Amino acid sequence: MLMRLQLHLTLVDGSVEKIERALSDNKLTRGLLILMAITTGTVVANNYYNQPLLGEMAREFGISESEISSVPMLTQIGYAAGLFLIVPLGDMLKRKKMILIDFFFIITALLSAGLAPSPLALKISSLLIGLTSVIPQVMVPMAAQLSSNENRGKAIGTVMTGMFIGILASRTLSGYIAEFLNWRAVYFCGAGFMVILWVFLKWKLPEIKPDFKGTYSQLLKSIVEQFKTKPALRLAAIRGGLVFACFSAFWTTLVFLLETPTFNMGSEEAGSFGFVGIAGAVMASVVGKMSDRLNRNTMITIAILIVMVSWIVLGLSASSIIGLVIGALFLDLGIQSVHITNQTIIFSDNPPERNRINTVYMVLYFTGGALGTYIAGIIWEHFQWMGVASVGFTFGLLTLIVHLIFKR
């Protein structure tokens, strides 16, 4: 009798688990997925609005360009801190409540930047913008959790496309707003976007209960354990960091190339290249769908080869705007394809510690980006565009070597 009761309970538990899984899958409607992608792109844009505005900021405050350059640097430092301190809370707190509360801090930081009376106030506000604008890195694992196994790659690809479009379009949007109004209006518009998003998220975003039951200090310690115990995560994070170094090397030095007498262009034209990147991002969304059906290691190999070929095209296009456009298109396509497939891999089993896994991945991802920015800046000063192209190709080659040696 006891054995029958245990068997019955087991069957019931299994049925309940299936029902809960089915309900979870049904939560990720097309409308919700689009809302999550828009949220991801709009929030991540907060970190990049400042780049086209630095000259205008420096002139208003009467400070040097080198001093105002600490504004984007502090934004990135804040973002890195938010990845480590805030994103893991998605495993510990109710997700919707956490996101809605964070939006109040984002809005406050953006308004503070728009009202900043001094360079110091602007720098502090910029740090806080980066610290709080990490919602995209909560949305990605949330989409992975709400989707079915069959559609997880598609869901991740859609949300990641939103993020890439936000990164690439933010500079262009910021430049246009500042041209017709001023740099402060950019931050006020950004705050307005956040208010509108908050209303829609309050209305449409489902609540997800946390999986982690420990303390905050235990939560942070467990991030290191994720890196130690998950070889697939380590490999994906290293691959991601190396290809993002390629991305950063290009976007850091493109404006320098366009300002040379060969092109005689400036930051506005460099920002327009964001439209090329958006085309690559839209193309890369198809990769998310393909990663649900095809061999992911093969897809990553092809994507890395695309990155390497794109740098050959870019290196040969030091005096050709058409060549730069073609190279940029395929560079973004390859990089984003690697990134989307990486995230499909690390979330493939729908792990409960998904936000901590994403923290490990994104910290190394942006570390690679910072490395690419730093090295490309030095190489440009000494070897100009061909040197930068060589750096980009080398990062791509290193990615391929790491991938082929350690792939599973």
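The values are calculated or read from the model by the stated rules, or taken from the named source; none is laboratory data. These figures come from a predicted structure and were not determined experimentally. Please note: Cβ atoms are built from the backbone with ideal geometry, for glycine as well, and neighbour counts cover all protein chains shown. Accessible surface areas use protein heavy atoms only, side chains included; no ligands, DNA or RNA. Shrake-Rupley method; radii C 1.70, N 1.55, O 1.52, S 1.80 Å.
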Legend entry - region 212-263: trypsin sites (Lys or Arg not before Pro) in DSSP loop, at most 14 other beta carbons within 10 Å: K213
Legend entry - Helix axis angle, 95-114 relative to the chain longest principal axis, alpha carbon, degrees: 20
Inset, instruction - Heavy atoms only, probe 1.4 Å: what % of the accessible area of the chain goes to carbon and sulfur, would you let me know? - result: 68
Inset, instruction - Obtain the nm distance between the two label points defined at I63 and T29 by a simple spin-label model: each point lies 7 Å from its Cα along the Cα-to-C-beta direction. - result: 4.7
Legend entry - Neighbour-limited loop hits for trypsin sites (Lys or Arg not before Pro), region 80-134 (at most 11 other Cβ within 10 Å; DSSP other than H, G, I, E, B): none
Legend entry - For the chain, calculated [θ]222 nm from helices alone, where every DSSP H run of n ≥ 4 adds -39500 (n - 2.57): -28000 deg cm²/dmol
Inset, instruction - Report the label-to-label distance for I77 and D211 in nanometres (one decimal), using points 7 Å from each Cα along the Cα→Cβ vector. - result: 3.4
Legend entry - Where labels lie 7 Å past Cα in the beta-carbon direction, separation of L181 and T367 in nm: 3.9
Inset, instruction - Once you have the Cα-Cα distance between I302 and K96, take 0.36 nm times their residue separation minus that, and quote the gain in nm to one decimal. - result: 70.4 nm
Inset, instruction - With θ set to phi - 60°, apply the Karplus curve 6.51 cos²θ - 1.76 cosθ + 1.60 along region 163-180 and write out the HN-Hα couplings as whole Hz, x wherever there is a Gly or Pro. - result: 5, 5, 5, x, 4, 7, 7, 4, 5, 5, 4, 4, x, 5, 4, 5, 5, 8
Inset, instruction - Express in nm, to one decimal, how much length is gained between E259 and I196 on full extension, taking 0.36 nm for each residue of separation and deducting their alpha carbon distance. - result: 18.9 nm
Inset, instruction - Between S222 and I322, take the C-beta separation as r, use R0 = 45 Å, and let me know the FRET efficiency to the nearest 0.05. - result: 0.35
Legend entry - Crossing angle, helix 136-146 versus the chain [Cα axis fit, 0-90 degrees, rounded to tens]: 30
Inset, instruction - Hand me the tally of lysine pairs in region 91-235: alpha carbons under 16 angstrom apart, and the pair either on different chains or 8 or more positions apart. - result: 12
Inset, instruction - Hey, can you find the accessible area per residue of the chain for me, probe 1.4 Å, expressed in square angstrom? - result: 44
